[in-house]
Amino acid sequence: MRITRSMMVNNMLYWTEKQMGRLNDLSNIVASGKQINKPSDDPSAAGQILSDRTTLSLFGQYELNITQATTWIKTSSTTLETTGRFLETAQGIMYSLSTADKAAKEGYLEVLEDLYDQVVDLANSKYGGGYMFSGSFSDTQPFSPDFSTTVTAGVGKDIAFDLADAASNVTIEITDSNGTVVQTITPAQPWVKGANTVSWTPAVGLDGDYGFRVTATGIGGDPVAAFASYKGNAMEKTVMVGEGSSISLNSNGGQIFSNALSVLSRAITATREAITDPDYEVDLGENFALAFSTLEAEEVSLANSSLQLEFKSDRLKQLMTNANDRISEKEVGSTQEAAIKLRTQQTSYDVTLEAVASVLKMTKLSDLV
């Protein structure tokens, strides 16, 4: 087979382009400081880098989860501490109740009712657009600030409330927006300590939103306090903090706040009785102790979760450092070595160009056809 000048020139141009490509690759390495600028530079190393970058992206999500969970814990802890201070104030009032005159008791009643409302507000705290203490029902308000019910087309919505103790008799007064009683019901059913639900038939003409008042008494005739029922569920918030690793945060507001609301409602009921009966006395020491211990147990749980998150965060940072180091080892090579290769390649390229130029000078145009 005869080798023509045209074939020689085409061959030299091909290799010149290859030399130019290699020269460009080395120039990119020197300029960027990275040995791998595209997958073809080292397919195996590029695959490992891609895998590590995917891992880093996942670690970034875990890191964000840990940050959000830590903020949630701090907010929750502050909420519990504030609730505890409100309970301390209420407990102090009850210690002074027996020696107070009527005017002081009336003032105490206003303070206790305000404390109850503030604890309800705390229990209904939000974080990230959802309710913190309603279990997995983040769109559901855990506790209603007041007793309310609805009548739609003559059908009444069930009435729900909690009782601080079991009761033998319960009277429920349905009130309109002005507080006027429009219907009184005395359901005959077992009245248990905790959540109670009443199905009722509204009086003719009732339609819309109404409030209700609950009056309950025990077997001995003593008043039984009623307070808002929990509307969330018992599910915990689960936070993914690593591959196959999660931390659960208690968000069951019923478990956390019901004892506090119960003792405050007891205190309110007792103070009302004490206003009309100067000799009325009640000891809520055990009830306050239970409410305090519930909050303290939850704070201990939050502290433990905080320590776990701190450990997970430190571990995650180390794993992210390791992944970045692997990427650096694969991606960033010796700039000095690349510079030497670049100079060598530049020399080779220059020699190739000179050879091509010499051949082209000796070649007639007709020889290339």
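Among the numbered conditions (1) part of a strand (DSSP E or B); (2) within 24 Å of GLN118 (Cβ to Cβ); (3) touching a residue at least 60 places away in the same chain (Cβ under 8 Å); (4) not charged (D, E, K, R), the only one that TYR210 does not meet is (2). Taking into account only those residues within the range 219-254 that are touching an Asp or Glu at 6+ places or on another chain (Cβ under 8 Å) and not in a loop (DSSP other than H, G, I, E, B), which is nearest to PHE133 (Cα to Cα)? The qualifying residue nearest to PHE133 (Cα to Cα) is ASN252. Among the residues making up the range 268-288, those that are open to solvent by less than 30 Å² (accessible area, probe 1.4 Å) and in contact with a Phe, Trp or Tyr (Cβ under 9 Å, 6 or more places away or on another chain) are ILE268, ALA270, THR271, ALA274. Selection of the range 174-187 for residues being within 14 Å of GLY156 (Cα to Cα) and open to solvent by 50 Å² or more (accessible area, probe 1.4 Å) yields VAL182, THR184.
Out of all the residues in the range 188-227, which are open to solvent by less than 30 Å² (accessible area, probe 1.4 Å), small (Gly, Ala, Ser), in contact with a strand residue (DSSP E or B) (Cβ under 6 Å, 6 or more places away or on another chain) and farther than 18 Å from ALA153 by Cα? Passing the criteria: GLY194, ALA216, GLY218, ALA226.
Could you check how many residues of the range 144-174 are hydroxyl-bearing (Ser, Thr, Tyr) and either over 30 Å from GLN255 (Cα atoms) or in contact with a Cys (Cβ under 8 Å, 6 or more places away or on another chain) (or both)? Full working, then the answer.
The initial filter retains those residues of the range 144-174 that are hydroxyl-bearing (Ser, Thr, Tyr), namely 144, 148-150, 152, 168, 171.
Applying the additional criterion that residues be either over 30 Å from GLN255 (Cα atoms) or in contact with a Cys (Cβ under 8 Å, 6 or more places away or on another chain) (or both) yields 152.
Number of matching residues: 1.
Residues considered: GLY194, GLY208, GLY244, GLY220. Of these, the only one that is at positive phi and more than 34 Å from the chain's Cα centre (by Cα) is GLY208.
The values are calculated or read from the model by the stated rules, or taken from the named source; none is laboratory data. Quantities reported herein were computed from a predicted structural model and do not represent experimental measurements. Counting neighbours? That spans all protein chains shown, and the Cβs are built from the backbone with ideal geometry, glycine included. Side chains are part of the model used for accessible areas, which takes the heavy atoms of the whole protein and leaves out ligands, DNA and RNA. Shrake-Rupley method; radii C 1.70, N 1.55, O 1.52, S 1.80 Å.
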